[in-house]
Amino acid sequence: VQLVESGGGLVQAGGSLRLSCAASGSIFSINYMGWYRQAPGKQREFVAAITTGGNTNYADSVKGRFTISRDTAKNTVFLQMNSLKPEDTAVYYCNARSSIGAKSYWGQGTEVTVSS
């Protein structure tokens, strides 16, 4: 499974960005896709996730501001980020998990910078 993120960039506080994660390869076994982020000097943390059943989950810090969605036909997951804050600055990584062998896959990351 290969994951390619896009959509990061520089935005002012209060602005919006939409991240995309396109999956390819042996995606038939994927049952979970999520977004994680890692700020400078900090550990990678969970942001949001969506299952094949459409269930979503969010970190408390982004609830009400971020929305995860998917386009099944395009094998793509999106993260709509609104009301961005400087503390949202991080490299955002896409993660996919397979139901076969409990494998986990990561994208290369896309950088989001929110200026105050």
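The values are calculated or read from the model by the stated rules, or taken from the named source; none is laboratory data. Because the structure is predicted, anything quoted here is derived from the model rather than measured. Virtual Cβ from ideal backbone geometry, glycine too; neighbours counted across all protein chains shown. Accessible surface is based on the protein model in full, side chains and every heavy atom, while ligands, DNA and RNA are left aside. Shrake-Rupley method; radii C 1.70, N 1.55, O 1.52, S 1.80 Å.
The table below gives the values:
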quantity: Tally of residues being in a strand (DSSP E or B) and either crowded, with 19+ Cβ neighbours inside 10 Å or of a type outside the set (Gly, Ala, Ser) (or both) across region 1-50; calculated: 27
quantity: Scope region 74-103; condition open to solvent by 50 Å² or more (accessible area, probe 1.4 Å), modelled with pLDDT of 95 or more and not in a strand (DSSP E or B); matching residues; calculated: Asn82, Ser83, Lys85, Pro86, Glu87
quantity: Filter result (within 13 Å of Met33 (Cα to Cα) and of a type outside the set (A, V, I, L, M, F, W, C)) within region 93-111; calculated: Tyr93, Asn95, Arg97, Ser98, Ser99, Lys103, Ser104, Tyr105, Gly107
quantity: Residue ID - nearest to Ala49 (Cα to Cα), chosen from residues in region 78-109 that are in contact with a helix residue (DSSP H, G or I) (Cβ under 6 Å, 6 or more places away or on another chain) and not hydrophobic (A, V, I, L, M, F, W, C); calculated: Ser98
quantity: Selected residue (criterion: surrounded by the most Cβ atoms within 10 Å (Cβ to Cβ)) from residues of region 105-116 that are modelled with pLDDT of 95 or more and of a type in the set (S, T, N, Q); calculated: Thr110
quantity: Residue among Asp71, Asp60 that alone is without any contact (Cβ under 8 Å) to a residue 24 or more places away in the chain, open to solvent by 70 Å² or more (accessible area, probe 1.4 Å) and on the phi < 0 side of the Ramachandran plot; calculated: Asp60
